[in-house]
1. So, Leu166, is that one surrounded by 15 or more Cβ atoms within 10 Å (Cβ to Cβ), farther than 18 Å from Val230 by Cβ and of a type outside the set (Ser, Thr, Tyr) or not?
2. Could you check segment 185-243 and list, in sequence order, the residues that are farther than 18 Å from Val145 by Cα and part of a loop (DSSP other than H, G, I, E, B)?
3. Which condition from (1) over 20 Å from Gln4 (Cα atoms); (2) surrounded by fewer than 20 Cβ atoms within 10 Å (Cβ to Cβ); (3) out of contact with any strand residue (DSSP E or B) (no Cβ under 9 Å at 6 or more places or on another chain) is the one that Leu156 breaks?
4. Failed condition for Ser59, given (1) assigned to a loop (DSSP other than H, G, I, E, B); (2) within 16 Å of the ligand (Cβ to nearest atom); (3) of a type in the set (Gly, Ala, Ser), with all others met?
5. What number goes with the only condition from (1) buried (at least 19 other Cβ atoms within 10 Å of the Cβ); (2) in contact with an Asp or Glu (Cβ under 9 Å, 6 or more places away or on another chain); (3) over 21 Å from Val61 (Cα atoms) that Asn207 does not pass?
6. Which one of these is at pLDDT below 95 and over 27 Å from Ala65 (Cα atoms): Lys194, Lys199, Lys137?
7. Hey, can you tell me all the residues within segment 193-237 that are of a type in the set (A, V, I, L, M) and either away from the ligand (no atom under 16 Å from the Cβ) or touching a residue at least 40 places away in the same chain (Cβ under 8 Å) (or both)?
8. Restricting attention to segment 1-16, which residues are within 20 Å of Ala65 (Cβ to Cβ) and away from the ligand (no atom under 16 Å from the Cβ)?
Amino acid sequence: MRKQIVAGNWKMNKNIQESIQLANEVVANVQGLTLNNTRVIVTPTFVNLTEVVRATDGSAVEVAAQNMHQAKSGAFTGEISAEMLTSLGLKTVILGHSERREYFGETDAILAEKVNAALANNLEVIFCFGEVLEDRKSDNHFNVVESQIKNGLFHLEASAWENIVLAYEPVWAIGTGETASPEQAQEMHAFIRKIVADKYTTEVAENVSILYGGSVKPSNSKEIFSKEDVDGGLIGGAALNAEDFIALVKSF
Ligand code: 13P
């Protein structure tokens, strides 16, 4: 059965002291909850991973990285490898976020290499994709999403999908306060599940968690998360304070 996931993407926010404090608050609040089938993930910047891993140790809160390089090691100044992440005890990495695609030139081809490197190191991948506003306005959003998923993931064997989580993040909804309506999210998520089923099997498609991201907040999360094919959220702004983030976890 697929899991429900609430993952906080802290992006380039929170220094070391703030990261530890937020992690401690999330852990303290999650302790009192019955999580059932829900995973809670926090994603600090690289430099704060070690301390956040320490702060969450022994709790139900998982820690993931926001990115990684595709190469094993070598002369890639400023980069971080998959093995460096696993050596910290991490089990999950976000790849393909639209901010990486847009500001750091990450193409579908680079992302396919990153996915391979992550999986080869036994890292689970939260794979992000989503259309920009012009694509939605011109009714091209299904094509864009299909091609991002196809180019980034459809070279994988069916068995590799055990370690894939999908995150649909329409770019026009990220950090803008404008959320996709629950119906728009459901429509896209159902489409995604169908293309995965068509390429692989219904079983693969039914088992993959598909998260929605883009201005999810406590005031709208219940409605979005209640949709049949929405298995949780990848949260930016609302993950930066424990109260809002925990309210999102509770909306399951
Ligand atoms: P916001 O929740 O701030 O819109 O960000 C979403 C996001 O990009 C998560 O990865």
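The values are calculated or read from the model by the stated rules, or taken from the named source; none is laboratory data. Just so it is clear, the structure is predicted and the values come from calculations on it, not from any experiment. Counting neighbours? That spans all protein chains shown, and the Cβs are built from the backbone with ideal geometry, glycine included.
1. On the way: surrounded by 15 or more Cβ atoms within 10 Å (Cβ to Cβ): yes; farther than 18 Å from Val230 by Cβ: no; of a type outside the set (Ser, Thr, Tyr): yes.
Criteria not met by Leu166.
2. If the condition is that a residue be farther than 18 Å from Val145 by Cα and part of a loop (DSSP other than H, G, I, E, B), then Thr201, Ser215, Val216, Lys217, Ser226, Lys227, Glu228, Gly236, Leu240, Asn241 are the ones that fit.
3. Answer for Leu156: the failing condition is (3).
4. Here Ser59 clears every test but (2).
5. The failed condition is (1).
6. On the way: Lys194 fails: at pLDDT below 95; Lys199 fails: at pLDDT below 95.
Going through Lys194, Lys199, Lys137 in turn, just one is at pLDDT below 95 and over 27 Å from Ala65 (Cα atoms): Lys137.
7. From segment 193-237, those of a type in the set (A, V, I, L, M) are 195-197, 204-205, 208, 210-211, 216, 224, 230, 234-235; that's our starting set.
Correct list: Ile195, Val196, Ala197, Val204, Ala205, Val208, Ile210, Leu211, Ile224, Val230, Leu234, Ile235.
8. Lys3, Asn15, Ile16 - these are the residues of segment 1-16 that are within 20 Å of Ala65 (Cβ to Cβ) and away from the ligand (no atom under 16 Å from the Cβ).
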